[in-house]
Amino acid sequence: MNCALVTGASRGIGRAVARRLSDEGWAVAINYHVRRDAAESLLSELRAKGRRAMIVQADVADGSAVKEMFARVEQELGPVETLVNNAGIAGQMLFQDITDAQWNRYFAVNLGGARRCIQAALPHMIHVKRGCIVNISSIWGLRGASCEAAYACTKAGLIALTRSLALELAPSGIRVNCVAPGVINTDMVQVLGEETLSCLAQQTPLGRLGTAEDVAAAVAFYAREEASFVTGQVLCADGGFIV
Ligand code: NAP
């Protein structure tokens, strides 16, 4: 059973991705930052079904924590063959109010986290000439978002990283793809409030907010053998929001 590592898998989209990859036969490493309780509940759920899984704490913005995470995962589940860079933070503020510390933190987690995890995963993937990397971007990374400039910039960066690495790593047999979710009903968007969320659902051509499972299905497609000719792609799971 091959190993998939999902960052930020304690809650929301990452949690659904980890569950889905487990359903599809992967041994899954569930990364979390602070919510050990949430990661443990997913671990119990998967183990109750007889699945191979583990939880692993790391702040993806911390280079040595990421290296340690990969070492622990390799020891317990084997080398990472599918990496899902999902861990992310979001927040709304006027562009004029962003401090250096806030700007740097968005980049360190959302884009730097993916960079660190990919660099940690590559030695094995290059060695076996096989690997699947999926980055979770956002429709705001394609379109831009008022009051979320820092977040949107990190998500645009993930798309550029996806396309660049798809080209650079193709000769090594490694595929790099991206999912750009629309508005997905997770903890991350609850700060917007019920009224705004209902407006966003109405603005979505398919008439509803997305679910974490909607995004997990797109990630699962990339991870399958049948997607072996697919690389460098950005799949919008957004109900038609930015069509
Ligand atoms: P969420 O419900 O807020 O969950 C965030 C997850 O990321 C949690 O598991 C959290 O761990 C983890 N995390 C946060 N900072 C981390 C760090 N420094 N190191 C490691 N893990 C960290 O968010 P979500 O809605 O599922 O979003 C997941 C991804 O999808 C993000 O990249 C987000 O930008 C992207 N996305 C979301 C939407 C949306 O509408 N929800 C739309 C487009 C894109 P703890 O539980 O330990 O805090």
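Give the ranking of Lys49, Lys155 by solvent-accessible surface, highest area first, calculated with a 1.4 Å probe. Numbers along the way, then the final one.
Working: Lys49 105, Lys155 10 Å².
From most accessible down to least: Lys49, Lys155.
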Which residue, Ala71, Trp26, Ala61, has the largest displacement toward the positive end of the dipole of segment 1-90 when charges sit on each Cβ (Lys, Arg +1; Asp, Glu -1)? Trp26
For segment 1-53 and segment 72-109, distance of Cα centres in Å: 18 Å
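Quick one: accessible area per residue over segment 56-205, 1.4 Å probe, rounded to a whole number of Å²? Before the final figure, lay out the partial values.
On the way: 7040 Å² over 150 residues.
So segment 56-205 comes to 47 Å² accessible per residue, rounded to a whole number.
Let me check something: with ligands and nucleic acids excluded, how do Cys117, Cys199 order by accessible area (1.4 Å probe), largest to smallest? If you can, show how the numbers build up before the last one.
Values: Cys117 0, Cys199 65 Å².
Highest to lowest solvent-accessible surface, that is Cys199, Cys117.
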Please state the relative contact order of the chain as a whole percent: Cα pairs under 8 Å, 6+ residues apart? 19 percent
Please calculate the 1.4 Å probe accessible area of Trp140, with all protein chains present, and give it to the nearest 10 Å². 40 Å²
Using the charge dipole of the chain (Lys, Arg: +1 at Cβ; Asp, Glu: -1 at Cβ; taken about the Cα centre), state which of Ser172, Ala150, Leu111 has its Cα farthest towards the positive end. Ser172
For Cα pairs less than 8 Å apart in space and 6+ apart in sequence, what is the mean separation divided by the residue count of segment 184-231, i.e. the relative contact order in percent? 35 percent
Within segment 68-133: Cβ-based charge dipole about Cα centre, in debye rounded to nearest 20 (Lys, Arg +1; Asp, Glu -1): 220 debye
Would you compute, from DSSP H runs of 4+ residues alone, the mean residue ellipticity of the chain at 222 nm, taking -39500 (n - 2.57) per run and dividing by the full residue count, rounded to the nearest 500? -14500 deg cm²/dmol
Heads up, I need the accessible area for Met93: 1.4 angstrom probe, whole protein in place, Å², nearest 10. 40 Å²
Can you sort Ser138, Ser41 by solvent-accessible area, 1.4 Å probe, largest first? Ser41, Ser138
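Just how large is the dipole of the chain about the Cα centre, in debye to the nearest 20, putting +1 at every Lys and Arg Cβ and -1 at every Asp and Glu Cβ?
Numbers: 23 positive and 23 negative charges, 108 e Å.
The calculation lands at about 520 debye.
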Segment 11-133, accessible surface, carbon-and-sulfur percent (1.4 angstrom probe): 50 percent
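In whole percent, what relative contact order does segment 90-195 give with Cα contacts below 8 Å and a gap of six or more residues? Could the numbers behind the result be given before it?
Working: 123 pairs, mean separation 34.3, N = 106.
This gives 32 percent for segment 90-195.
The values are calculated or read from the model by the stated rules, or taken from the named source; none is laboratory data. Everything quoted here is computed from the prediction, not taken from an experiment. For neighbour counting, all protein chains shown are included, and Cβ atoms are generated from backbone atoms with ideal geometry for every residue, glycine included. Please note that ligands, DNA and RNA were not included when accessible areas were found on the heavy atoms of the full protein model with its side chains. Shrake-Rupley method; radii C 1.70, N 1.55, O 1.52, S 1.80 Å.
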